[in-house]
Amino acid sequence: EYKIYPLSFAEMVAHHGLLEEKRLLAHRMVYGYYPDVVNNVGVEKEILKQLSNSYLYKDVLLLEQIKKPEGLIKLLQGLAYQVGSQVSYNELSQLTGLDAKTVEKYIVVLEQTFIIFRLGSFSRNLRSELKKSRKIYFYDNGIRNALIANFNQVELRTDVGALWENFMVSERMKYSQYSQNWTNSWYWRTKEQKEIDFIEEQDGVLTAFEFKWNPDAKHKIPKLFLETYTGSEFKVIHRDNFEDFLM
């Protein structure tokens, strides 16, 4: 089985070096890694608009013979706005006018065509841990931004935290796949709204990651998680140290 992703951070580093790819980081967060976008500097918006219209809508609609394209479009836009947040199929149903079962079916189709992917919640020891919630991410930031028609640069955006989280999680997924770095992945949240962005388990060891675009942003060490899961680790990934996370 082969999984066809957009280009990755590690691939572009191999192409023209780490310093150049780090210089382009803010640009990648907005326009993403689809090959046509990377290879055609200056017309990224036009290419992403074409990709989102022809690929996301027409091909997926034909694949599953979806009869309500406006519902699929509203669903994709709703998911784009909720990147980094818990997703409720019932809330998406109200937003799109589709029933909850249809929403879940469309999400499965979008996963199968490598547009989005789900990240489930981690739960083992605490009664307060959320057990059946999920987040949904896009494999490519550019497609996500095209869906909400927002190509503003990073310094002008109010959703930079969501952009950074989507970029980190999606690139980590590519890295793990390409390097055959077999891990289990989740996010963590309790009923008291204590949360960790991303958790990995490898060889029995749990590592918790928090994503902060700003290296100076405040963060809280998740004491409850570290005390409950002894031997686990905690790392903050920001724009000054992220390369080790993706390579």
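The values are calculated or read from the model by the stated rules, or taken from the named source; none is laboratory data. In this text the structure is predicted, and so the values were computed from the model without any measurement. Cβ sites come from the backbone with ideal geometry, for glycine too, and all protein chains shown count toward neighbours. What goes into the accessible areas is simple: the full protein's heavy atoms, side chains included, and nothing from ligands, DNA or RNA. Shrake-Rupley method; radii C 1.70, N 1.55, O 1.52, S 1.80 Å.
For segment 177-186, what are the residues that are modelled with pLDDT under 95 and either of a type in the set (Asp, Glu) or surrounded by 13 or more Cβ atoms within 10 Å (Cβ to Cβ) (or both)? If the condition is that a residue be modelled with pLDDT under 95 and either of a type in the set (Asp, Glu) or surrounded by 13 or more Cβ atoms within 10 Å (Cβ to Cβ) (or both), then Gln177, Tyr178, Thr183 are the ones that fit. Restricting segment 129-176 to residues that are among the small types (Gly, Ala, Ser) and not in a helix (DSSP H, G or I), the residue that is surrounded by the fewest Cβ atoms within 10 Å (Cβ to Cβ) is Ala149. Within segment 1-46, restricting attention to residues that are closer than 16 Å to Asp140 by Cα and aromatic (Phe, Trp, Tyr), the residue that is surrounded by the fewest Cβ atoms within 10 Å (Cβ to Cβ) is Tyr5.
Of Lys235, Lys223, Lys218, all but one fail to be open to solvent by 60 Å² or more (accessible area, probe 1.4 Å) and under 23 Å from Asn181 (Cα atoms); the exception is Lys235. Under the condition of being within 22 Å of Glu171 (Cα to Cα) and open to solvent by less than 30 Å² (accessible area, probe 1.4 Å), the residues counted in segment 79-100 number 5. Each residue in segment 185-244 was checked for being in a loop (DSSP other than H, G, I, E, B), within 17 Å of Val169 (Cα to Cα) and in contact with a Lys or Arg (Cβ under 8 Å, 6 or more places away or on another chain), and 3 of them qualify. Within segment 118-128, the only residue that satisfies the criterion of being modelled with pLDDT under 95, open to solvent by less than 30 Å² (accessible area, probe 1.4 Å) and of a type in the set (A, V, I, L, M, F, W, C) is Phe122.
Of all the listed residues (Glu129, Glu165, Glu155, Glu171), the sole one being among the acidic types (Asp, Glu) and farther than 21 Å from His27 by Cβ is Glu129. Of all the residues in segment 101-114, those that are over 19 Å from the mean Cα position of the chain (by Cα) and either open to solvent by 80 Å² or more (accessible area, probe 1.4 Å) or modelled with pLDDT of 90 or more (or both) number 2. Looking only at segment 47-78, which residues are modelled with pLDDT of 75 or more and open to solvent by 20 Å² or more (accessible area, probe 1.4 Å)? Hits for segment 47-78 are Ile47, Lys49, Gln50, Leu51, Asn53, Pro69, Glu70, Ile73, Lys74, Gln77.
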